[in-house]
1. Any idea of Cys155's accessible area? Nearest 10 Å², probe 1.4 Å.
2. With an 8 Å Cα cut-off and a minimum separation of 6 or more residues, compute the relative contact order for the chain in percent.
3. Quick query: amide H of Ser172 versus all other amide H atoms, modeled in the peptide plane; which residues come in under 5 Å with a sequence gap of 5 or more or a different chain?
4. Given only helices, namely DSSP H runs of n ≥ 4 each adding -39500 (n - 2.57), what is the per-residue ellipticity at 222 nm of the chain, to the nearest 500 deg cm²/dmol?
5. Convex hull over the alpha-carbon atoms of the chain: what's its volume per residue in Å³?
6. Heavy atoms only, 1.4 Å probe, whole protein assembly: order Lys165, Lys2 by accessible area, highest first.
7. Keeping all protein chains in place and using 1.4 angstrom, which order do Met251, Met127, Met45 fall into by accessible surface area, from largest down?
8. Taking the Cα centre of the chain as origin and charging only Cβ (+1 Lys, Arg; -1 Asp, Glu), how large is the dipole, in debye to the nearest 20?
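The values are calculated or read from the model by the stated rules, or taken from the named source; none is laboratory data. Note that the coordinates shown come from a computational prediction; the quantities given were computed from them, not determined experimentally. Backbone-built Cβ (ideal geometry, glycine too); neighbour counts: all protein chains shown. Each accessible area value is taken on the protein alone, full model and side chains, heavy atoms only, with ligands, DNA and RNA left out. Shrake-Rupley method; radii C 1.70, N 1.55, O 1.52, S 1.80 Å.
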Amino acid sequence: MKLACAALFVVLCWAYSPIGIHIGLEAYSPGQLALLRFLIASAFMAIVAMYHGVQIPIRQDLPLLFLLGFFAVALHHITLNFGQRGVSAGAASVLAQSTPIFTVIISRCVLKEAVSVWRWCCILGGMMGAFIVVVGDKGVGNISLNGLLILLSACSWSVYFILQKRYSTRYSTLTMVCYTVWSGTLILMIFSQGLLSSLASSKIQINFAVVLLGVFPSALAYVAWAYVLSRAEVSKISIVLYLIPPTAILMASFILGERPSLWVVLGGGVVVLSVLSMSLESLFRRRRCDGETG
């Protein structure tokens, strides 16, 4: 029950993320919003680190930690915020869910990992779904290239995921999350100009939405997800993440009054189905290998 509640909490937090960004962009520039969000997250993670403790990084690993912060926090959220200026919250959540597709492509091109024909078909289907979402979000006559920026943010998260996976044995999950958030926040300090004046002139409701954005999707969700991963197999539990796009669309309809077009729902279904098919294929292949080994 605790595991299920933690997984549901993660889904709700990350489903709120595009909604909080949409609200925050009413008063802040994309760069300011990313910085303010992670200043809050950094402070929260510092409190968590005081109680649970984090490892001191080795000097040689500092460039790696800044690289993780650049891809997971700085580049990912800057492109995401700029992209959401022309994309609905529901569509943004769907496009952001394409991360596993880019992970497979990068793994094949950079790490030379083998990719099955089935996975290539899933990648093609996911790309077609993303194209449908980009075209159908605002209508064919109002196609926004901002959706491509959200796909770039998904690609950036894929690079982080690959790097984090390869070096996670050196540090605990909490340590990796803390230093990723802190280093990314330092990089985002280049957007600090004018932040205080924007903060002072912003409405209370908007600032409250940004505080929620910094505490829940950017901090607590990572801690909860680390708890889930420590007690369940990644291949099994990660399937619940595919509940994020429909949850985000439902939340956006209540909070923002958004009504997703039929094309966004159709394209989102294709993206989620394609990514889910890749995950299930990996799960079945792993079970088959374990059975042969046993």
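1. Taking all protein chains as shown, Cys155 has close to 40 Å².
2. RCO, the chain: 40 percent.
3. For Ser172, the qualifying residues are Gln55.
4. Theoretical 222 nm ellipticity from helices: -23500 deg cm²/dmol.
5. Values: hull volume 43.7 nm³, N = 294.
Hull volume over Cα atoms, normalised by residue count, gives 149 Å³.
6. Numbers: Lys165 140, Lys2 160 Å².
The most accessible residue leads, giving Lys2, Lys165.
7. Working: Met251 45, Met127 70, Met45 0 Å².
Order by accessible area, largest first: Met127, Met251, Met45.
8. Numbers: 19 positive and 9 negative charges, 83 e Å.
In debye, rounded to 20, the chain gives about 400.
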